[in-house]
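Worksheet for the structure shown next.
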Amino acid sequence: MASLRNFFPFIQNNPGVVYFDSAATSLKPQSAIDALLHYHTHESVNIHRGVYKLSQHATDTVESVRQKVTRFVTDEKDGTSVFVRGTTEGLNLLAHSLTSPKSHLKDFFAAYQSDKKPAILISESEHHANIVPWQIAAERMGYALLYVPIDSEGNFNYPVDFLSRIEASYSLRIVSLSLQSNVTGIVHDLAPFREAAKRIGAVFIVDAAQGILHAPQTLRELQPDFTVFSGHKLFSATGIGAVVGSKRVLDSLDVWQGGGGMINLVEKDHSTYLEAPTRFEAGTQAVGEIFSLGKAIEFADEYAREIHAHDREITAYADAAFEKAGIRFFGKGAKTRSAIYSFEIPGVHPHDIGTLLDEQMICIRAGHHCCQILMRALGVSATARASMSVYNTQDEVDKLLEGIQHVKKIFRK
Ligand code: PLP
C-alpha cells in the first residue's frame with residue numbers, strides 16, 4: 001500500500017513531531033493548500049454576482065465543488081450541498097429551519113402531521129454541536145429533547161422498547177446522531193434509528209464530522225435526509241463544510257440567515273428568496289476554502305481504498321499496542337471503532353499527560369472534547385485523546401506508548 005504521508009507538507013516541516021490530534025483537525029495535503037493559495041493569488045474575485053469572466057470562472061469552480069461534495073456523500077439524484085462554516089453551523093441551520101413553523105415539512109415527513117408533542121432524538125454521546133442547537137430550538141419551539149442512553153464505555157445502550165415508547169408518547173420529528181464519536185472512536189450503529197425515522201416519517205440527520213473520514217461507506221449506506229460535516233477534518237482548509245440533503249426538502253425549509261446572495265426580491269416589508277442551496281448562503285462565501293474543499297474531496301475520493309485500509313491497520317495495531325502496555329481506553333465492547341483513543345492513566349490528570357507528551361513532541365488533546373454529557377456517562381471529567389489519520393505510522397503509535405510509559409514513570413504509576 002502506497003504511503004500517503006508524503007502528501008502532507010506539515011510532516012516535512014515539523015520533523016520529529018508526532019501529530020495525534022486529527023479528530024480536532026486533520027493535516028492538509030499540498031493540493032488542498034495550493035487550491036486555497038491559488039484562489040487568492042490567481043482569482044481572488046467574488047462569485048455569483050460578477051459579469052466578468054474571472055468571476056464566472058470562480059463561480060463555476062464553486063459549483064463544481066458543490067457537485068463533488070454532494071456526489072461524495074450521497075447517491076440521491078435530487079441531492080445538493082449547502083456550504084456552511086462547518087458541522088456546528090450546519091447543525092444550527094437545521095435546528096432552526098426544521099423546527100420553524102414557516103417550513104413546509106408535512107409533505108415530506110409524516111411525523112410533522114401528528115398532534116402529539118413534537119420531539120427531537122439525539123444521544124448522550126454527541127458533541128456539543130449536536131446538542132446545544134437542538135436545546136435552543138427545543139426550548140424556543142416547545143419540543144421535547146430526548147437522548148439515546150450510553151453505557152460507561154460510550155456504547156449506545158437502550159432497551160428494546162426504547163423507540164416504541166418514544167413513538168407512543170411523542171411525535172418524533174427529528175433524529176440527529178453522530179456516526180462516530182470524537183471521544184471513543186465508536187462508529188454508532190445508526191441503522192435501527194434510520195429505519196425508525198423512515199417508518200415514523202421523521203427527519204434523519206447524521207453528524208458526520210468524524211464518520212465521513214473513518215466510515216464513508218457506512219454513511220452512504222445510511223442515506224440520511226441530511227448529512228453535515230466539516231471540511232477541515234477531511235483534509236481541507238478550515239471554515240468550510242456542508243449540509244447535504246435533498247434540494248426539494250431544502251426548498252421547503254424556512255431560511256435562517258438573511259442578507260445578500262440569498263434573495264430574489266427585496267421589498268420594504270418583506271423579501272422573497274432564491275431556491276436551495278443559495279437561499280441558505282447569505283453573504284460572501286468562503287470561496288478559497290471551497291476551492292480547498294474541492295481538492296480535499298478529490299484526495300479522499302482518489303485514495304478512499306488506501307485511507308480505509310490504513311484506518312483498519314492502524315486501529316488494529318494501536319488496539320494491540322494499548323492492550324499490551326496495559327493502558328485502558330474507552331470504547332471497549334464496540335462492534336466498530338477506529339483511530340480515536342481516549343485513554344487514562346489512573347491518578348494522572350489528562351492535562352498533565354498532554355503536557356508531558358508534548359515535551360516529547362507528541363501532540364494529543366486533553367479535556368472534555370466538547371462532550372460533557374458523554375464524560376459524565378464515562379465517569380470522568382476529562383480524557384487524554386490520541387486520534388489518528390492516514391499520515392500516522394505504527395512507529396508513531398510505538399512512540400506514543402513509550403511516551404505514556406514515561407508519564408507513568410514520572411508519576412510513579
Ligand atoms: N461533531 C463531531 C462529532 C465533532 O467531532 C466535531 C468537532 O470536533 C463537531 C461536531 C464540530 O465540528 P466543527 O467544530 O468543525 O464545527
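The values are calculated or read from the model by the stated rules, or taken from the named source; none is laboratory data. Keep in mind it's a predicted model, so treat the numbers as computed, not measured. With ideal geometry, Cβ positions are generated from the backbone for all residues, glycine too; neighbour counts draw on all protein chains shown.
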Across the stretch 162-218, what is the number of residues that are β-branched (Val, Ile, Thr), away from the ligand (no atom under 13 Å from the Cβ) and either modelled with pLDDT under 95 or part of a helix (DSSP H, G or I) (or both)? 3
Residue check for Pro15: surrounded by fewer than 15 Cβ atoms within 10 Å (Cβ to Cβ) and more than 20 Å from Arg85 (Cβ to Cβ): yes
For the subset of the stretch 219-236 comprising residues that are among the hydrophobic types (A, V, I, L, M, F, W, C) and within 12 Å of the ligand (Cβ to nearest atom), which member is farthest from Lys77 (Cα to Cα)? Leu234
Within the stretch 237-257, how many residues turn out to be assigned to a loop (DSSP other than H, G, I, E, B) and more than 11 Å from the ligand (Cβ to nearest atom)? 7
Subset of the stretch 211-223 (residues that are touching a residue at least 60 places away in the same chain (Cβ under 8 Å) and in contact with a Lys or Arg (Cβ under 7 Å, 6 or more places away or on another chain)): Leu213
Look through the stretch 150-168, keep the residues that are polar (S, T, N, Q) and farther than 11 Å from Arg376 by Cα, and return whichever of them is surrounded by the most Cβ atoms within 10 Å (Cβ to Cβ). Asn155
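Among the candidates Phe72, Phe83, Phe109, which residue alone is within 14 Å of the ligand (Cβ to nearest atom) and more than 20 Å from Cys370 (Cα to Cα)? Even if it seems obvious, please write down each step before you answer.
On the way: Phe72 fails: within 14 Å of the ligand (Cβ to nearest atom); Phe109 fails: within 14 Å of the ligand (Cβ to nearest atom).
Criteria check complete, one pass: Phe83.
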Is it the case that Asp151 is within 30 Å of Arg328 (Cβ to Cβ) and either within 18 Å of the chain's Cα centre (by Cα) or not assigned by TED's automatic domain parsing to the domain that holds His96 (or both)? no
Show the residue pairs meeting these rules: Cβ distance below 7 Å; 6+ apart or different chains; first residue within the stretch 165-185 and over 12 Å from His127 (Cα atoms); second residue of a type in the set (D, E, K, R). Tyr170/Lys116; Tyr170/Lys117; Ser171/Lys116; Ser171/Lys117; Gly185/Arg337
Scope the stretch 144-161; condition over 13 Å from Ser181 (Cα atoms) and in a strand (DSSP E or B); matching residues: Ala144, Leu145, Leu146, Tyr147, Val148
Go over the candidates Asp107, Asp78, Asp60 one by one and state the one that is assigned by TED's automatic domain parsing to the domain that holds Ser176, more than 23 Å from the chain's Cα centre (by Cα) and modelled with pLDDT of 95 or more. Asp60
When you scan the stretch 99-143, how many residues do you find that are touching a residue at least 24 places away in the same chain (Cβ under 8 Å), part of a loop (DSSP other than H, G, I, E, B) and within 18 Å of Asp225 (Cα to Cα)? 8
Ile314 - would you say it is outside the structural domain of Phe83 (by TED's automatic domain parsing), touching a residue at least 12 places away in the same chain (Cβ under 8 Å), touching a Leu at 6+ places or on another chain (Cβ under 9 Å) and within 18 Å of Ala386 (Cα to Cα)? no
The stretch 35-56, residues that are crowded, with 16+ Cβ neighbours inside 10 Å and of a type in the set (D, E, K, R): Glu43
